[in-house]
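Heads up: the structure comes next, in structure tokens.
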Amino acid sequence: MNLRADVIVLGAGMVGVGVALNLQKRGRDVVLIDRRGAGEETSFGNAGLIQREAVIPYTFPREFGTILSYAMNNRRDAVYHLSALPRVAPWLFRYWRESAPERIARSADALAPLMAECVKEHDALIAEAGGKAASLVYQKGWLKCLRSEESMRDAIAEAKLLGEYGVDYAVLTGAEVRKLEPHVSDAVIGAIHFRGSPTSADPGALTKTYAELFVQRGGRFLKGDARRLSQEASGWRVALESGPIEARDVVVALGPWSDDVFRPLGYDIPFAVKRGYHMHYAGKGNATLGHSLHDAHGGFALVPMSKGIRLTTGVEFADRDAPPTPVQLARAEPFARALFPLGERLDEKPWMGRRPCLPDMVPVIGRAERHRGLWFAFGHAHHGFTLGPVTGRLLAEMMTGQTPFTDPSRYSAERFRH
Ligand SMILES: Cc1cc2nc3c(=O)[nH]c(=O)nc-3n(C[C@H](O)[C@H](O)[C@H](O)COP(=O)(O)OP(=O)(O)OC[C@H]3O[C@@H](n4cnc5c(N)ncnc54)[C@H](O)[C@@H]3O)c2cc1C
């Protein structure tokens, strides 16, 4: 006999787990399917920041000089594989187009309601999941470290704009930064302290803890290949090794692999990945780090985690499955060592992940227009760890006929059809 459920959620990263939990809360019988354990891919290796402040999307540069400097391909914050350019260029052009000031404002307006609720939705899950989840999150905010008067002025102007979206921040002098973090270099002349953005000391473990909550509450988490999805008269079926499972609704939450499922179903959504890397380090001597640091000049973040100090890199444009080329890590490391006294590397090799992106840096959340019972929750770019639970809430509200807490039309995949 075939297994049945109300909803199949494909992908157990932070987004899929957030969707599964929210549907379950609303009385749906949910099966979560992944080919691995929960939170073992992109949701494992990110910087762990729950970025309440991330209302304004990361954009493609518009000034000629900056574009030229990116084209030289020797920067730390963004690099590309020359061999992948023919495939990536059309998407990059759309990304450039979506980075015009009026379009950035539109993306910010779309991201703002999600960001405004992101911490609350994580907090609710942390409270429900209990002590283990709470021990994986710290509430100190993070520091955007600045090295010049000019970057300080720009960062203060941006922070003021974010303040209008309800973001809590403080402008710190260099001395104030070193009061919080005594080992940070004198080269840092100030920082913006985003006080309302928590960090997880182990984002993969937090995702697993949420997935465990889903299972404790009676949810089923099964191993399987999402590409074995097919549409049937009664809904959707996934052929698992253990036998088929069927449901009326299915949610595609496969992060950077979402196109493996939506493209064969005929959806031409402009989807690409921005790859990134991490490496853990020991503190040198007695140096300890309490706050997450982002160094805009160096193009990296340093985050205190359970496994050591995690350095995460900027963006690499490349084919999703091309072998790793962690040149950015090699370029960022000397800057990171100059910012903060890092000791030896703690991992055998760098971790690589892929940020799933739409050109406007706004996720796709909602109904797939041409198939009954097919739903999308992917493309969270730089902020899927932040947005998983709130995405789950919004999609579950839409799927169960509740009034969505914000207008969902701006997250529709249809926005790219004109
Ligand atoms: C270096 C770096 C730093 C980042 N820092 C942050 C940060 O500080 N804060 C933040 O909010 N975001 C950050 N991000 C982005 C964030 O990690 C992603 O947006 C988020 O993890 C995406 O979550 P997801 O659930 O959509 O995808 P994933 O976590 O990748 O989950 C997708 C799941 O689908 C499964 N899957 C794929 N194909 C199949 C298949 N065929 N069958 C079955 N299962 C399948 C995978 O096994 C995986 O479990 C960062 C990303 C990178 C790379």
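Which residues, taken from the stretch 171-191, are surrounded by 15 or more Cβ atoms within 10 Å (Cβ to Cβ) and either among the small types (Gly, Ala, Ser) or at pLDDT below 95 (or both)?
Result: 174, 185, 187, 190, 191.
Run down 84, 89 and say which single residue is at pLDDT below 95, open to solvent by less than 40 Å² (accessible area, probe 1.4 Å), part of a helix (DSSP H, G or I) and more than 13 Å from the ligand (Cβ to nearest atom).
One residue alone meets the criteria, 84.
In the stretch 105-150, what residues are charged (D, E, K, R) and either open to solvent by less than 50 Å² (accessible area, probe 1.4 Å) or on the phi > 0 side of the Ramachandran plot (or both)?
Let us first name the residues in the stretch 105-150 that are charged (D, E, K, R), namely 106, 109, 117, 120-121, 123, 128, 132, 140, 144, 147, 149-150.
Passing the criteria: 117, 121, 144.
Given the structure, is residue 299 more than 11 Å from the ligand (Cβ to nearest atom), farther than 22 Å from residue 85 by Cβ and touching a Gly at 6+ places or on another chain (Cβ under 9 Å)? Show your work before the answer.
Working: more than 11 Å from the ligand (Cβ to nearest atom): yes; farther than 22 Å from residue 85 by Cβ: no; touching a Gly at 6+ places or on another chain (Cβ under 9 Å): yes.
Judged against the criteria, residue 299 is not a match.
Which of the residues spanning the stretch 25-39 are within 27 Å of residue 112 (Cβ to Cβ) and within 13 Å of the ligand (Cβ to nearest atom)?
Step one: list which residues in the stretch 25-39 are within 27 Å of residue 112 (Cβ to Cβ), which gives 25-26, 39.
Correct list: 39 only.
Tell me which residues, restricted to the stretch 69-124, are over 22 Å from residue 54 (Cα atoms) and of a type in the set (D, E, K, R).
75, 87, listed by residue number.
Could you tell me whether any residue of the stretch 239-248 is within 24 Å of residue 25 (Cβ to Cβ) and open to solvent by less than 10 Å² (accessible area, probe 1.4 Å)? Talk me through it step by step, then tell me what you get.
Applying the first criterion (within 24 Å of residue 25 (Cβ to Cβ)) to the stretch 239-248 yields 245-248.
Narrowing the set further to residues that are open to solvent by less than 10 Å² (accessible area, probe 1.4 Å) leaves 245, 247.
So far as the stretch 239-248 goes, yes, one or more of its residues are within 24 Å of residue 25 (Cβ to Cβ) and open to solvent by less than 10 Å² (accessible area, probe 1.4 Å).
So which residues in the stretch 1-56 are open to solvent by 10 Å² or more (accessible area, probe 1.4 Å), closer than 18 Å to residue 226 by Cα and not small (Gly, Ala, Ser)?
2, 3, 4, 6, 15, 34, 35, 36, 40, 41, 42 - these are the residues of the stretch 1-56 that are open to solvent by 10 Å² or more (accessible area, probe 1.4 Å), closer than 18 Å to residue 226 by Cα and not small (Gly, Ala, Ser).
I need the full set of residues from the stretch 365-381 which are outside any strand (DSSP E or B), within 11 Å of the ligand (Cβ to nearest atom) and in contact with a strand residue (DSSP E or B) (Cβ under 6 Å, 6 or more places away or on another chain), in order please. Talk me through it step by step, then tell me what you get.
First, the residues of the stretch 365-381 that are outside any strand (DSSP E or B): 368-373, 379-381.
Then keep just the ones that are within 11 Å of the ligand (Cβ to nearest atom); that gives 379-381.
Across the stretch 365-381, the qualifying residues are 379, 381.
Here are the criteria: (1) away from the ligand (no atom under 16 Å from the Cβ); (2) without any contact (Cβ under 8 Å) to a residue 24 or more places away in the chain; (3) over 20 Å from residue 303 (Cα atoms). Tell me which single one residue 159 does not satisfy.
Only one criterion is unmet by residue 159, namely (2).
One line per residue, one yes/no per condition, for (1) basic (Lys, Arg); (2) more than 30 Å from residue 133 (Cβ to Cβ):
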| residue | (1), (2) |
| --- | --- |
| 155 | no, yes |
| 160 | yes, yes |
| 172 | no, no |
| 176 | no, yes |
| 181 | no, no |
| 187 | no, yes |
| 194 | no, no |
| 197 | no, no |
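Considering the stretch 178-204 alone, what residues qualify as being farther than 15 Å from residue 49 by Cα, touching a Ser or Thr at 6+ places or on another chain (Cβ under 8 Å) and either assigned to a strand (DSSP E or B) or within 16 Å of the ligand (Cβ to nearest atom) (or both)?
190
Tell me whether the stretch 318-327 contains one or more residues that are farther than 29 Å from residue 120 by Cβ, among the aliphatic types (A, V, I, L, M), open to solvent by less than 10 Å² (accessible area, probe 1.4 Å) and in contact with a helix residue (DSSP H, G or I) (Cβ under 8 Å, 6 or more places away or on another chain). Let's see the steps before the verdict.
First, pick out the residues of the stretch 318-327 that are farther than 29 Å from residue 120 by Cβ: 318-327.
If we keep only those that are among the aliphatic types (A, V, I, L, M) as well, we get 318, 322, 327.
Filter once more, keeping what is open to solvent by less than 10 Å² (accessible area, probe 1.4 Å): 318.
Pick out the ones that are also in contact with a helix residue (DSSP H, G or I) (Cβ under 8 Å, 6 or more places away or on another chain) and you get 318.
Checked the stretch 318-327: at least one residue is farther than 29 Å from residue 120 by Cβ, among the aliphatic types (A, V, I, L, M), open to solvent by less than 10 Å² (accessible area, probe 1.4 Å) and in contact with a helix residue (DSSP H, G or I) (Cβ under 8 Å, 6 or more places away or on another chain).
I'd like the residue in the stretch 270-290 that is of a type outside the set (Phe, Trp, Tyr) and crowded, with 20+ Cβ neighbours inside 10 Å and, out of all such residues, is farthest from the chain's Cα centre (by Cα). Reasoning before the result, please.
Step one: list which residues in the stretch 270-290 are of a type outside the set (Phe, Trp, Tyr), which gives 270, 272-276, 278-280, 282-290.
Subset that is crowded, with 20+ Cβ neighbours inside 10 Å: 272-276, 278-279, 289.
Numbers: 272: 14, 273: 11, 274: 11, 275: 12, 276: 11, 278: 14, 279: 18, 289: 23 Å.
Ranking the qualifying residues of the stretch 270-290, first place goes to 289.
Cβ contacts < 7 Å: first residue of a type in the set (Lys, Arg) and modelled with pLDDT of 95 or more, restricted to the stretch 256-285; second residue more than 8 Å from the ligand (Cβ to nearest atom) and assigned to a helix (DSSP H, G or I), any location; separation 6+ or different chain. Result?
Sorted first by the residue in the stretch 256-285, then by its partner, the list stays empty.
Please find, within the stretch 95-104, the residue that is nearest to residue 357 (Cα to Cα) out of those that are open to solvent by 50 Å² or more (accessible area, probe 1.4 Å) and not charged (D, E, K, R). Can you show your working first?
Narrowing the stretch 95-104 to residues open to solvent by 50 Å² or more (accessible area, probe 1.4 Å): 96-97, 101-103.
Going one step further and asking which of them are not charged (D, E, K, R), we end up with 96, 101.
Numbers: 96: 13, 101: 19 Å.
Residue satisfying both the conditions and the ranking: 96.
Every residue in the stretch 40-78 that is assigned to a loop (DSSP other than H, G, I, E, B), closer than 20 Å to residue 326 by Cα and more than 11 Å from the ligand (Cβ to nearest atom), please.
72, 73, 74, 75, 76, 77 - these are the residues of the stretch 40-78 that are assigned to a loop (DSSP other than H, G, I, E, B), closer than 20 Å to residue 326 by Cα and more than 11 Å from the ligand (Cβ to nearest atom).
Being within 11 Å of the ligand (Cβ to nearest atom), touching a residue at least 60 places away in the same chain (Cβ under 8 Å) and either outside any loop (DSSP other than H, G, I, E, B) or open to solvent by less than 30 Å² (accessible area, probe 1.4 Å) (or both) narrows it down to one of 393, 355, 331, so name that one.
Details: 393 fails: within 11 Å of the ligand (Cβ to nearest atom); 331 fails: within 11 Å of the ligand (Cβ to nearest atom).
Going through 393, 355, 331 in turn, just one is within 11 Å of the ligand (Cβ to nearest atom), touching a residue at least 60 places away in the same chain (Cβ under 8 Å) and either outside any loop (DSSP other than H, G, I, E, B) or open to solvent by less than 30 Å² (accessible area, probe 1.4 Å) (or both): 355.
Among (1) more than 30 Å from residue 93 (Cβ to Cβ); (2) more than 9 Å from the ligand (Cβ to nearest atom); (3) open to solvent by 50 Å² or more (accessible area, probe 1.4 Å), which single condition is residue 223 missing?
All conditions pass for residue 223, except number (2).
The values are calculated or read from the model by the stated rules, or taken from the named source; none is laboratory data. Given the structure is predicted, the values throughout are model-derived calculations rather than measurements. Quick reminder, even Gly has a Cβ in these numbers, built from the backbone with ideal geometry, and neighbours come from all protein chains shown. Heavy atoms of the whole protein, side chains included, go into the accessibility calculation; ligands, DNA and RNA do not. Shrake-Rupley method; radii C 1.70, N 1.55, O 1.52, S 1.80 Å.
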